[in-house]
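Since the structure comes first, as structure tokens, the remarks are kept for the end.
The values are calculated or read from the model by the stated rules, or taken from the named source; none is laboratory data. None of these values were measured; they are calculated from a predicted model. Methodologically, a virtual Cβ is constructed for each residue, glycine included, from the backbone with ideal geometry; neighbour enumeration extends over all protein chains shown.
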Amino acid sequence: MTATITLGQLAEFLGATLRGPADKHITGLATLQEAGPDQVSFLANPQYRKFLATTHAAAVLLKPADAEGYTADALLVPDPYLAYARISHLFDPKPKAPVGVHPTAVVAEDAFVDPAASVGAYAVIESGARIAAGVTIGVHCYIGARSVIGEGGWLAPRVTLYHDVRVGQRVVIQSGAVLGGEGFGFANEKGVWQKIAQIGGVTIGDDVEIGVNTAIDRGAMDDTRIGNGVKLDNQIQIAHNVQIGDHTAMAACVGISGSAKIGKHCMLAGGVGLVGHIEICDGVFVTGMTMVTRSITEPGAYSSGTAMQPAAEWRKSAARMRHLDDMARRLQQLEKIVEAVTSGGKASSDG
Amino acid sequence: MTATITLGQLAEFLGATLRGPADKHITGLATLQEAGPDQVSFLANPQYRKFLATTHAAAVLLKPADAEGYTADALLVPDPYLAYARISHLFDPKPKAPVGVHPTAVVAEDAFVDPAASVGAYAVIESGARIAAGVTIGVHCYIGARSVIGEGGWLAPRVTLYHDVRVGQRVVIQSGAVLGGEGFGFANEKGVWQKIAQIGGVTIGDDVEIGVNTAIDRGAMDDTRIGNGVKLDNQIQIAHNVQIGDHTAMAACVGISGSAKIGKHCMLAGGVGLVGHIEICDGVFVTGMTMVTRSITEPGAYSSGTAMQPAAEWRKSAARMRHLDDMARRLQQLEKIVEAVTSGGKASSDG
Amino acid sequence: MTATITLGQLAEFLGATLRGPADKHITGLATLQEAGPDQVSFLANPQYRKFLATTHAAAVLLKPADAEGYTADALLVPDPYLAYARISHLFDPKPKAPVGVHPTAVVAEDAFVDPAASVGAYAVIESGARIAAGVTIGVHCYIGARSVIGEGGWLAPRVTLYHDVRVGQRVVIQSGAVLGGEGFGFANEKGVWQKIAQIGGVTIGDDVEIGVNTAIDRGAMDDTRIGNGVKLDNQIQIAHNVQIGDHTAMAACVGISGSAKIGKHCMLAGGVGLVGHIEICDGVFVTGMTMVTRSITEPGAYSSGTAMQPAAEWRKSAARMRHLDDMARRLQQLEKIVEAVTSGGKASSDG
């Protein structure tokens, strides 16, 4: 499925400077290497500059500085990657769900579904839930009692919200995500785990995106809270009582333990893990698969783990690592001896 | 949604010593810092003791020793955290599903659903399955052929059980969990993977909890087995043939490889990974994100991984780590030389 | 549920040399230790050879070399594990879904479902989708617009395919898997993340297996591509634009970041993570929980991480690890001093 739009329309939509014929037809987007003569491309990363000379793209989104010497058709914009983001939606083949409630959906009598919302086949909406205007509830979704989806939200097929989950405006939730699951709360009574009811809810801000199969547990007493503009990738685990500040982004497979508090504008790369009850300040970047075991109070980049090696070499490193404390002590001991010897030597050579 | 109960009723329910008016109305639970005048709080962790002086809680669950000098209303109990766990259920706003089979549920003719069970909308129960009294099968659940759910179980919406999964009594399963998936079994024939049918099932004990999007694969030949009282958090992977002992708990994102056998009363923190075919004895605690590559035969705490550092420092550590074996050899070499020199020195000073 | 088949039939099916009565009845498969007198077992791993003497198995799949001295009934085959894989399907109790479309399934008018396909209860098949002959679409599955499932595919209950996902022949997809989710693409505009529409699709080859709750995101512009014969275990994350070569296998909880390209016949053990935009050549084996931060150009085995220790010892190692760069510098310094001293010593003893 392809859209068709002219180069002139794209220029107007972006406020870009057009170099080339306004009536050229554009049917899609592609990388510089793969673009065909009907597709627009972009140059954002300087390392792809070399592909400019040979691209077959209908036109390229370029910074004015990068356009010098480029003679083929182009759209000049201050931030080509952002421009690409903006026009990408014009070419999105994602089907638009019809407004209205599918006849197979089960909606509780006292639930509210705005007439300008869409509810898919076999969706179930429980008592007291509220679905605002412009919301899409996908096929097989479940919206628990008293849960709320704000205006313009889009829920893929098969999203589950337990009760008392409050979702802001324009929130996107991918398939398999579960909001409001019962957090991992147990009290140990002589070796046996006694369940603690999770009586809090979940509050999600505006413009949040939640990835495939991501889980956000409800709070133990108060709500688990996700700020505005937060972007969560796939397979993420957010435990009970976690708080995430505005515009923080997390890549896939991140795990955040209970009651951790993460600041604004943070970035957590894939596979990062946080222990519970710690605090991460604003503006922190954590590299992939890092184990965060303490609070971070200074913005900046943080890492843990070891670099990959051929397995045979790694086995030696790993074996040595287990004796690192011993090595450190022996090094210190050696320093003392050498210090004594060389001082002694000096003394004797002085003598 | 809030429940209302009196302080006197709570004291009676808990067998607690009441300090304060029995007719005080309580509507919920909260932490010491956040509790309002209608909410009960608790002091379990000594580091929160400082908040006792300023809490607005209606009453606080306290050990008698901690209550000395505390003059506001209190409930004296031997284990405040356990007491909190017990009363938490009185304030749980989780809706109770109506008894009976929803008209849209598809139940096989030869499946058995106890009249005192609840089956939600669009649930599907296959041939030969058996649902005991007091069980809740949530909306969109799928119960495969011959699978069994014991008395008092609670399945959240969208839980999937394949065929031949036997679940004990009072088991809680959160949304997105999949029990009985086909384990990862393939035989390699000249570089091509040939599937091995997974003909075993899954056996789950009593009082088990299984978290959101957790997967427990069926056995290759015999059953995968989860003991009584085991608690599994979200996003956990339990491979085929795994055996987990009674009252073991695992935090989120743990991955257990095939045929691993874990003892009783173990605790695995978040993100821990186990290789296959190993055995962990009873009473083992494994810290977060540890890679367990060998059997553990002694109870105690185990760890792997490296501590987080600022990324610039970490890059240096990680680079050095790759040459650790070389460093260790050089250190040994140096020790020999220094030993020779200092012995020589001694010898010469002796001479 | 058990099948019954004779030893002679198994021998014929496998082309095995039969040692024992052809009319012996076999009802299942089990390990050497657990097999009863109606079950066939196999010896693949030499370390289980010791169980041959005491097994109660009806017959054992053996290499001719291993059968020397074994006097009980046996099936002689060149590769017992592969033979076990092949006969395992004869004993699989997995129910076979009836051909045809369940009356509760919602199939778009312009979708195509082959009359020899099976579509389960409450499945939804969207506009333009095509389901080939011999395909099973499980209960609660969702097949998005224009998506295609090739001949002989088997989708467990509750599998979600977004639009424009093309799946080859004989592909097995376990419950909770999501194909075609919107990848994690955002452009940062002054600290605010702007969504990039994910306009590519997903292409899955023939004979692929996709595990429980595994996620494969659609491409940003072009397709995410999974080669023929690829086997993906549970809880795996495949980000947008990833390419995976034929016959590569990944164990559970692996995470592959965007635009990574993985060769043919690779094996990634559980919990491995790859950063984005790197390339792994054919024939690479990565051990469990390794963090792959750079391209791999040579076949072979690769690892990262540290070995598990008792937690008290580990804390010392981890603390030292943070000062490894300092240690390395001190070692170098010491080497220089010792070199100077010993040369000096030599010089002086020479003089």
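When you scan the range B:340-349, do you find a residue that is over 23 Å from residue A:271 (Cβ atoms) and under 25 Å from the mean Cα position of the chain (by Cα), even just one? Steps first, answer last, please.
So the first thing to find is which residues in the range B:340-349 are over 23 Å from residue A:271 (Cβ atoms), and the list is B:340-349.
Cutting the leftovers down to under 25 Å from the mean Cα position of the chain (by Cα) gives us none.
Among the residues of the range B:340-349, not one is over 23 Å from residue A:271 (Cβ atoms) and under 25 Å from the mean Cα position of the chain (by Cα), which makes the answer no.
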Does any residue of the range B:81-96 turn out to be surrounded by fewer than 13 Cβ atoms within 10 Å (Cβ to Cβ) and more than 25 Å from the chain's Cα centre (by Cα)? no
Under 9 Å by Cβ, and 6 or more places apart or on different chains, what pairs join a residue from the range B:48-67 that is touching a residue at least 12 places away in the same chain (Cβ under 8 Å) and more than 15 Å from residue B:28 (Cα to Cα) with one that is in a helix (DSSP H, G or I) and acidic (Asp, Glu)? B:49/B:66; B:52/B:66
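Across the range B:261-291, which residue is farthest from the other protein chains (Cβ to nearest Cβ) among those that are of a type outside the set (D, E, K, R) and in contact with a His (Cβ under 7 Å, 6 or more places away or on another chain)?
Filtering first and then ranking leaves B:283.
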All positions within the range A:68-87 that are within 14 Å of chain C (Cβ to nearest Cβ), among the hydrophobic types (A, V, I, L, M, F, W, C) and touching a residue at least 24 places away in the same chain (Cβ under 8 Å): A:77, A:83, A:87
Picked from the range C:1-55 (must be more than 18 Å from residue B:240 (Cβ to Cβ) and aromatic (Phe, Trp, Tyr)), the residue surrounded by the fewest Cβ atoms within 10 Å (Cβ to Cβ) is C:13
Go through (1) hydrophobic (A, V, I, L, M, F, W, C); (2) assigned to a loop (DSSP other than H, G, I, E, B); (3) surrounded by 17 or more Cβ atoms within 10 Å (Cβ to Cβ) and name the single condition residue A:72 misses. (3)
Which listed residue, of A:227, A:211, is touching a strand residue (DSSP E or B) at 6+ places or on another chain (Cβ under 6 Å), modelled with pLDDT of 95 or more and more than 13 Å from chain B (Cβ to nearest Cβ): A:227
Failed condition for residue C:258, given (1) away from chain B (no Cβ under 12 Å); (2) in a helix (DSSP H, G or I): (2)
Do we find that residue B:294 is surrounded by fewer than 16 Cβ atoms within 10 Å (Cβ to Cβ) and either at the interface with chain C (Cβ under 8 Å from one of its Cβ atoms) or assigned to a strand (DSSP E or B) (or both) in this structure? yes
Please indicate, with yes or no, whether at least one residue in the range C:231-248 is touching a residue at least 24 places away in the same chain (Cβ under 8 Å), among the polar types (S, T, N, Q), under 28 Å from residue B:292 (Cα atoms) and facing chain A (nearest Cβ under 10 Å). yes
In the range C:206-248, the residues that are among the β-branched types (Val, Ile, Thr) and either assigned to a loop (DSSP other than H, G, I, E, B) or under 16 Å from residue A:212 (Cβ atoms) (or both): C:208, C:210, C:212, C:214, C:216, C:224, C:226, C:230, C:236, C:238, C:242, C:248
Just give me the residues in the range B:163-204 being touching a Ser or Thr at 6+ places or on another chain (Cβ under 8 Å), at the interface with chain C (Cβ under 7 Å from one of its Cβ atoms) and buried (at least 24 other Cβ atoms within 10 Å of the Cβ), in sequence order. B:164, B:176, B:178, B:181, B:196, B:199
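Which ones in the range B:136-155 are more than 13 Å from chain C (Cβ to nearest Cβ) and either β-branched (Val, Ile, Thr) or free of Cβ contacts under 8 Å to residues at least 40 places away in the same chain (or both)? Give the steps one after another, and end with the answer.
Looking only at the range B:136-155, we keep the residues that are more than 13 Å from chain C (Cβ to nearest Cβ), and these are B:136-137, B:148-155.
Once the filter is applied, which keeps residues that are more than 13 Å from chain C (Cβ to nearest Cβ) and either β-branched (Val, Ile, Thr) or free of Cβ contacts under 8 Å to residues at least 40 places away in the same chain (or both), the range B:136-155 yields B:136, B:137, B:148, B:149, B:151, B:152, B:153, B:154, B:155.
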Touching a Ser or Thr at 6+ places or on another chain (Cβ under 6 Å), buried (at least 16 other Cβ atoms within 10 Å of the Cβ) and modelled with pLDDT of 95 or more: does that describe residue A:62? no
Starting from residues that are surrounded by fewer than 24 Cβ atoms within 10 Å (Cβ to Cβ) and within 17 Å of residue B:198 (Cα to Cα), keep the ones in the range B:243-275 and report whichever is farthest from the chain's Cα centre (by Cα). B:259
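In the list B:187, B:197, B:133, which residue meets the criterion of being of a type in the set (Gly, Ala, Ser) and farther than 30 Å from residue C:79 by Cα? Working first, answer last.
Numbers: B:187 fails: farther than 30 Å from residue C:79 by Cα; B:197 fails: farther than 30 Å from residue C:79 by Cα.
Residue meeting the stated conditions: B:133.
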Going through A:296, A:337 one at a time, which residue ends up being farther than 23 Å from residue C:239 by Cα, of a type outside the set (Lys, Arg) and modelled with pLDDT of 95 or more? A:296
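Output yes when any residue across the range B:66-75 is of a type in the set (Val, Ile, Thr) and within 30 Å of the chain's Cα centre (by Cα), and no when none is. Talk me through it step by step, then tell me what you get.
Residues of the range B:66-75 that are of a type in the set (Val, Ile, Thr), as a first pass: B:71.
Now drop any that are not within 30 Å of the chain's Cα centre (by Cα), which leaves none.
Checked the range B:66-75: no residue is of a type in the set (Val, Ile, Thr) and within 30 Å of the chain's Cα centre (by Cα).
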Would a scan of the range A:299-311 turn up a residue that is at pLDDT 95 or above and more than 7 Å from every other protein chain (Cβ to nearest Cβ)? yes
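State the number of residues belonging to the range C:274-310 that are touching a residue at least 24 places away in the same chain (Cβ under 8 Å) and either touching a Leu at 6+ places or on another chain (Cβ under 8 Å) or not small (Gly, Ala, Ser) (or both). Working first, answer last.
Residues of the range C:274-310 touching a residue at least 24 places away in the same chain (Cβ under 8 Å): C:276, C:282, C:288.
Filter once more, keeping what is either touching a Leu at 6+ places or on another chain (Cβ under 8 Å) or not small (Gly, Ala, Ser) (or both): C:282.
Of the residues in the range C:274-310, 1 are touching a residue at least 24 places away in the same chain (Cβ under 8 Å) and either touching a Leu at 6+ places or on another chain (Cβ under 8 Å) or not small (Gly, Ala, Ser) (or both).
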Matching residues in the range A:162-181 - criterion: being touching a residue at least 40 places away in the same chain (Cβ under 8 Å) and over 19 Å from residue A:128 (Cβ atoms): A:174
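Given the condition charged (D, E, K, R) and either over 15 Å from residue A:54 (Cα atoms) or in contact with a Leu (Cβ under 6 Å, 6 or more places away or on another chain) (or both), answer yes or no: does some residue in the range A:23-34 qualify?
Of the residues in the range A:23-34, the ones charged (D, E, K, R) are A:23-24, A:34.
From what's left, either over 15 Å from residue A:54 (Cα atoms) or in contact with a Leu (Cβ under 6 Å, 6 or more places away or on another chain) (or both): A:23-24.
Among the residues of the range A:23-34, at least one is charged (D, E, K, R) and either over 15 Å from residue A:54 (Cα atoms) or in contact with a Leu (Cβ under 6 Å, 6 or more places away or on another chain) (or both), which makes the answer yes.
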